[in-house]
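The values are calculated or read from the model by the stated rules, or taken from the named source; none is laboratory data. Source: prediction; values computed, not measured. Here the Cβ positions follow ideal geometry from the backbone for every residue, glycine too, while neighbour counts run over all protein chains shown.
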Amino acid sequence: MTKDWKTRTQLVHEGTRRSQYGEMAEAIFLTQGFVYPTAEAAEARFVKAGEDEFIYARYGNPTTRMFEERIAALEGTEDAFATASGMAAVSGALTSCLRAGDHVVAARALFGSCLYVLEEVLQRFGVRVTFVDGADLDQWRKAVVPGTKAVFFESMSNPTLELVDIRSVSEIAHAAGAIVICDNVFATPIFSRAVEQGADVIVYSTTKHVDGQGRALGGVVCGTREFIRKVLEPYMKHTGGSMSPFTAWMHLNGMATLDLRCRAMADAALQVAGALEAHPKVTKVVYPGLPGHPQHALAMAQMGSGGTLVTFEVAGGKDAAFRFMDALEIVKISNNLGDARTIATHPATTTHQRLPQEQKDALGITPGLIRLSLGLEDAGDLVADLTRALSVA
Ligand SMILES: *Cc1c(COP(=O)(O)O)cnc(C)c1O
């Protein structure tokens, strides 16, 4: 039977497996191994494991499998593989399909650890990587050549919320025969339309919106059954980056409210961005959901939303930015995102501290820049907290 479930129904029910007890809530199978009734059954399972047959939790587990099926249905891919962290997903997706001599084109504005994998790890093993300005399609056209094996980008960059046009970059990549790997964390699985826009492999750090409450580290790779089970799974299951069943269970719980949470966060982001734009101590507001944002039309076409983060610049540089942050009461100073709690980050001195100054300048990471990840508090309370703290800055 083919199901025609809408997002919220999928988020509550998809992938659920019930044991002989008929438990309502998803069970956590905290077991690494599985018992076979006979030696013959063990042998048969190692030859080919059926749908509900498991061998070892590093290969798969009933709770983890529920999570994989639920998020694959949400993303609209045939399959998914759950990983121990977002970085296990990113490095697994890349390493599993590349070999020495291959050529990769990647957007330059990347999460620090993603940059490390591309610049340090892959190049050390003989993969050639060309970096481009992700928003400049001409640079993609020049860099992607026949034989390029993969392109990699974050669909919305951190912290300046610049969008990569997934549809156009996918067309360029596919014309050259390259696979499109999209780190879609900032877009969230709710606002993602990456599959219909041409991405082949979609990667999430589920540490962010999927967990949504800052508890668990996790990740997932979504793609075709061929890629997930034939390319990625052998690599992941033998190198050890699989998700813990406990994390999968927390994520399954989190997913029931994922749509509600992401939409509430995006509503708050729009309201806060509007209030910040009107504030005299704010010199710049970056939120793709604002009509004046240069990529507003692309954001609406690609995500139908501006997302759940807002970046802005406080007048007066680092000192003013720090005074502002230290005066916050509701908003917490941290570096996670997608949490129920609104979080303020000062990228120049924390997440992007190690970048050389010229790279910070190129990425627009100025001393007064603040990244806000909107949480689930009352948006009016957040505006009041931010406005009051700005008056101190
Ligand atoms: C957080 C993040 C990652 C890494 O995820 P972890 O769960 O921390 O390993 C990768 N890419 C992006 C865009 C992220 O925001």
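Condition check for TYR235 on (1) under 23 Å from MET300 (Cβ atoms); (2) more than 10 Å from the ligand (Cβ to nearest atom): one failure, at (1).
Applying the selection to the stretch 175-198, what residues are more than 10 Å from the ligand (Cβ to nearest atom), free of Cβ contacts under 8 Å to residues at least 40 places away in the same chain and in contact with a strand residue (DSSP E or B) (Cβ under 7 Å, 6 or more places away or on another chain)? Of everything in the stretch 175-198, those that are more than 10 Å from the ligand (Cβ to nearest atom), free of Cβ contacts under 8 Å to residues at least 40 places away in the same chain and in contact with a strand residue (DSSP E or B) (Cβ under 7 Å, 6 or more places away or on another chain) turn out to be VAL180, CYS182, GLY198.
The residue list GLU75, GLU119 contains one member that is surrounded by fewer than 18 Cβ atoms within 10 Å (Cβ to Cβ) and of a type in the set (Asp, Glu), which is GLU119. Scanning the stretch 203-221 for residues that are within 8 Å of the ligand (Cβ to nearest atom) and of a type in the set (A, V, I, L, M), we see that the one that is nearest to ILE179 (Cα to Cα) is VAL203.
Test ARG341 against the stated conditions and say whether it is in contact (Cβ under 8 Å) with a residue 60 or more places away in the chain and within 25 Å of the chain's Cα centre (by Cα). Against the criterion (in contact (Cβ under 8 Å) with a residue 60 or more places away in the chain and within 25 Å of the chain's Cα centre (by Cα)), ARG341 qualifies. ALA107 is checked against (1) surrounded by 23 or more Cβ atoms within 10 Å (Cβ to Cβ); (2) under 19 Å from SER242 (Cβ atoms); (3) within 15 Å of the ligand (Cβ to nearest atom) and fails just one. What number does that condition carry? Against the list (1) surrounded by 23 or more Cβ atoms within 10 Å (Cβ to Cβ); (2) under 19 Å from SER242 (Cβ atoms); (3) within 15 Å of the ligand (Cβ to nearest atom), ALA107 comes up short only on (2).
Here is a yes/no grid of residues against (1) in the same structural domain as GLU51 (by TED's automatic domain parsing); (2) surrounded by 15 or more Cβ atoms within 10 Å (Cβ to Cβ):
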{"site": "GLY219", "(1), (2)": "yes, yes"}
{"site": "CYS222", "(1), (2)": "yes, yes"}
{"site": "LEU276", "(1), (2)": "no, yes"}
{"site": "HIS279", "(1), (2)": "no, yes"}
{"site": "GLY292", "(1), (2)": "no, no"}
{"site": "VAL314", "(1), (2)": "no, yes"}
{"site": "PHE322", "(1), (2)": "no, yes"}
{"site": "ALA327", "(1), (2)": "no, yes"}
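Of all residues in the stretch 366-393, which are outside any helix (DSSP H, G or I), under 18 Å from GLU313 (Cβ atoms) and at pLDDT 95 or above? Residues satisfying the conditions are THR366, PRO367, GLY368, LEU369, ILE370, ARG371, LEU372, SER373, LEU374. Just name the residue that is farthest from the chain's Cα centre (by Cα) out of those in the stretch 292-338 that are charged (D, E, K, R) and closer than 26 Å to VAL210 by Cα. Residue satisfying both the conditions and the ranking: GLU329.
Taking the stretch 173-192 as the search range and keeping residues that are within 21 Å of GLY86 (Cα to Cα) and part of a loop (DSSP other than H, G, I, E, B), which one is nearest to the chain's Cα centre (by Cα)?
Step by step, filter the stretch 173-192, then rank; the result is VAL185.
Taken over the stretch 83-104, the residue count meeting the criterion of being assigned to a helix (DSSP H, G or I) and within 14 Å of the ligand (Cβ to nearest atom) is 9.
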